[in-house]
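To start, the structure itself, in structure tokens.
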Amino acid sequence: MYLETILRLGQSKSAVRSVDVADELGYAKSSVSRGINLLKDKGYISVNAATGAISFTQEGRRRAEAVYERHRILTAALIKLGAGRALAEENACRIEHVVSGELMDIFKKFVEE
């Protein structure tokens, strides 16, 4: 969730900071701080010590873009099935974390039809 949020915020902001992620998700700053530290430990992001700006590593950007693509495909599929945008977005967030790659391929084909 954090990777996707950082990616999306980066599309509209010149610099994304932890506080931006907390505001976007409605999470406590302390929770986001722990999440950001986990992403740093995994090598997905770096944080500028002076500005707090979050940057993706190459692997982090790849993973964030993959998660975001899953979200977009699932949202489109749910809308195509008749769900409203808000319902589709909300449920795509949940589904994207547990759906298999094989089923994602099926959703992708469904959306592209």
Going residue by residue through region 69-78, is there one that turns out to be without any contact (Cβ under 8 Å) to a residue 24 or more places away in the chain, surrounded by 14 or more Cβ atoms within 10 Å (Cβ to Cβ) and in contact with a Leu (Cβ under 8 Å, 6 or more places away or on another chain)? yes
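Please go through region 85-97 and pick out each residue that is of a type outside the set (A, V, I, L, M) and open to solvent by 40 Å² or more (accessible area, probe 1.4 Å). Spell out the reasoning first.
Residues of region 85-97 of a type outside the set (A, V, I, L, M): 85, 89-91, 93-94, 96-97.
If the condition is that a residue be of a type outside the set (A, V, I, L, M) and open to solvent by 40 Å² or more (accessible area, probe 1.4 Å), then Arg85, Glu89, Glu90, Asn91, Arg94, His97 are the ones that fit.
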Suppose we keep only residues that are surrounded by fewer than 19 Cβ atoms within 10 Å (Cβ to Cβ), modelled with pLDDT of 95 or more and not charged (D, E, K, R) within region 56-68. Which one would you say is nearest to Ala15 (Cα to Cα)? Thr57
Give region 17-43 a look and list any residue that's touching a strand residue (DSSP E or B) at 6+ places or on another chain (Cβ under 7 Å) and under 19 Å from Ala66 (Cα atoms), or say none. Ile36, Leu39, Lys40
Which residue is nearest to Ile36 (Cα to Cα), if the candidates are limited to region 56-106 and must be among the hydroxyl-bearing types (Ser, Thr, Tyr) and part of a helix (DSSP H, G or I)? Tyr68
Select from region 10-19 the residues that are open to solvent by 20 Å² or more (accessible area, probe 1.4 Å) and touching a helix residue (DSSP H, G or I) at 6+ places or on another chain (Cβ under 7 Å) and write down the one among them that is modelled with the lowest pLDDT. Lys13
I need the full set of residues from region 23-53 which are in a helix (DSSP H, G or I), open to solvent by 50 Å² or more (accessible area, probe 1.4 Å) and touching a helix residue (DSSP H, G or I) at 6+ places or on another chain (Cβ under 8 Å), in order please. Glu24, Lys29, Ser33
Residues of region 13-42 satisfying the condition of being more than 13 Å from Ser55 (Cα to Cα) and of a type in the set (Ser, Thr, Tyr): Tyr27, Ser30, Ser31, Ser33
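The values are calculated or read from the model by the stated rules, or taken from the named source; none is laboratory data. As the structure is a computational prediction, the values presented were derived from the model and not from experiment. Positions of Cβ are generated from backbone atoms using ideal geometry, with glycine treated the same way; all protein chains shown enter the neighbour counts. Note: accessible area is taken over every heavy atom of the protein model, side chains too, but ligands, DNA and RNA are not part of it. Shrake-Rupley method; radii C 1.70, N 1.55, O 1.52, S 1.80 Å.
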